[in-house]
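Undergrad: Mind looking over this structure? Questions follow.
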Amino acid sequence: MRLFLTLLFLTPTVLFAQLESWNGVSFEHEVGPKWGYVIEAEYRWPFNEFTDGSALFLLAGNRALAKNLSITFGSRFEPGRNGESGTLRLFSDLNYKYPLGESPFTLESRLRYQQDRPPGADGSLRRVSIRPRLGIAADISNTLSAVAEFEGRYRFDSRNEWARRRYTFGLEYTFTERLKIELFYRQELRINSSALQTPDRILGLYFDYTLPDDRNRDWKYRHPFGRSVTW
């Protein structure tokens, strides 16, 4: 608890050094023990220029395949600006969790396949990638947990090489059964480029509230789309 409050207190200081800020709202619903969906709207902007940001709209579904194994499929649209057509992303994820015995640690992985293209355009502008991700989560106490992840991106289109790598570190604190707060720091670097690249540094703060559900469920809620910090 003391560690979390210290980091939260230092957030404004670090925030002014970041390159991007992400803000959004999402609605997640678990229809049954195997199916769930999420609708999300988000705005990402350089911290020093709010009007120079980009909006994103996402719709995705998730199906449980086995214990700790699920598949996600969805689409994300980023509208263009100044007459541009924008970008449509289609993706599918294979998600797996593996609790490490009686320890507080859980191994988490995701393998994503995605295609990005302008809506309605032919395949010449398509960007095709796979994004393997591996991380470990730890329950520090009954209310505080932490996660650390590494993700790479390999492009299959015109490049056929690794294009990005990303590191994420996050904390999740549970206030009540319905209210949680998530704090994360992310660094992402574009690699294998001729130009010298500066890492993108992102600091995020999410409030996660679960709406009341009066259904008489005979299954445990899966929270199928995981943490906001890593989605």
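Undergrad: Would you be able to tell me the number of residues in the range 18-51 that are in contact with a His (Cβ under 9 Å, 6 or more places away or on another chain) and buried (at least 16 other Cβ atoms within 10 Å of the Cβ)?
TA: Selection size over the range 18-51: 5.
Undergrad: What's the total number of residues in the range 20-52 that are without any contact (Cβ under 8 Å) to a residue 12 or more places away in the chain, over 14 Å from Phe225 (Cβ atoms) and assigned to a loop (DSSP other than H, G, I, E, B)?
TA: Going through the range 20-52, the residues without any contact (Cβ under 8 Å) to a residue 12 or more places away in the chain turn out to be 29, 31, 48-52.
In the following step, the residues that additionally are over 14 Å from Phe225 (Cβ atoms) were identified as 48-52.
After this cut, where a residue has to be assigned to a loop (DSSP other than H, G, I, E, B) as well, the list is 48-49.
So the answer is 2.
Undergrad: For the range 193-215, what are the residues that are loosely packed, with under 10 Cβ neighbours inside 10 Å and farther than 23 Å from Val38 by Cβ?
TA: Of everything in the range 193-215, those that are loosely packed, with under 10 Cβ neighbours inside 10 Å and farther than 23 Å from Val38 by Cβ turn out to be Ser194, Ala195, Leu196, Thr198.
Undergrad: Going by the structure shown, is Ile140 out of contact with any Ser or Thr (no Cβ under 8 Å at 6 or more places or on another chain) and either closer than 24 Å to Arg227 by Cα or of a type in the set (Phe, Trp, Tyr) (or both)?
TA: Values: out of contact with any Ser or Thr (no Cβ under 8 Å at 6 or more places or on another chain): yes; either closer than 24 Å to Arg227 by Cα or of a type in the set (Phe, Trp, Tyr) (or both): yes.
Yes: the conditions hold for Ile140.
Undergrad: From the list Phe184, Phe169, which one is open to solvent by 40 Å² or more (accessible area, probe 1.4 Å) and outside any loop (DSSP other than H, G, I, E, B)?
TA: Criteria check complete, one pass: Phe169.
Undergrad: Still on this model: On the basis of being modelled with pLDDT of 85 or more, surrounded by fewer than 19 Cβ atoms within 10 Å (Cβ to Cβ) and part of a loop (DSSP other than H, G, I, E, B), does Thr176 make the cut? Please lay out each step first, then the result.
TA: Values: modelled with pLDDT of 85 or more: yes; surrounded by fewer than 19 Cβ atoms within 10 Å (Cβ to Cβ): yes; part of a loop (DSSP other than H, G, I, E, B): yes.
It is true that Thr176 is modelled with pLDDT of 85 or more, surrounded by fewer than 19 Cβ atoms within 10 Å (Cβ to Cβ) and part of a loop (DSSP other than H, G, I, E, B).
Undergrad: Ok, one more. Can you find, within the range 55-73, the residue that is modelled with the lowest pLDDT among those that are at negative phi and not hydrophobic (A, V, I, L, M, F, W, C)?
TA: In the first step, residues of the range 55-73 are kept if they are at negative phi; the result is 55-67, 69-73.
With the extra rule that they be not hydrophobic (A, V, I, L, M, F, W, C), the set shrinks to 61-63, 67, 70, 72.
On the way: Gly61: 96, Asn62: 96, Arg63: 97, Lys67: 89, Ser70: 96, Thr72: 97.
The selected residue is Lys67.
Undergrad: May I ask you to list pairs of residues, at least six apart or on different chains, whose Cβ atoms are under 6 Å apart, with the first in the range 178-198 being within 20 Å of Asn23 (Cα to Cα) and β-branched (Val, Ile, Thr) and the second being open to solvent by 20 Å² or more (accessible area, probe 1.4 Å) and modelled with pLDDT under 90?
TA: So the pair list comes out as Ile181/Phe207.
Undergrad: Please go through the range 154-166 and give me each residue that is open to solvent by 40 Å² or more (accessible area, probe 1.4 Å) and either within 18 Å of the chain's Cα centre (by Cα) or under 22 Å from Tyr98 (Cα atoms) (or both), ordered by number.
TA: Tyr154, Arg164, Arg165
Undergrad: Please count how many residues of the range 54-76 are outside any strand (DSSP E or B) and more than 14 Å from Arg110 (Cα to Cα). Reasoning before the result, please.
TA: From the range 54-76, those outside any strand (DSSP E or B) are 67-68; that's our starting set.
If we keep only those that are more than 14 Å from Arg110 (Cα to Cα) too, we end up with 67.
Of the residues in that region, 1 qualify.
Undergrad: Would you mention how many residues in the range 122-137 are closer than 17 Å to Phe91 by Cα and touching a Ser or Thr at 6+ places or on another chain (Cβ under 7 Å)?
TA: Start the filter on the range 122-137 by keeping residues that are closer than 17 Å to Phe91 by Cα, which leaves 123, 125-133.
Narrowing the set further to residues that are touching a Ser or Thr at 6+ places or on another chain (Cβ under 7 Å) leaves 133.
Count: 1.
The values are calculated or read from the model by the stated rules, or taken from the named source; none is laboratory data. All values reported here derive from a predicted model rather than from experimental measurement. As a convention, Cβ positions derive from the backbone with ideal geometry for all residues, glycine included, and neighbour counts pool all protein chains shown. All accessible areas refer to the heavy atoms of the entire protein, side chains included, with ligands and DNA or RNA removed. Shrake-Rupley method; radii C 1.70, N 1.55, O 1.52, S 1.80 Å.
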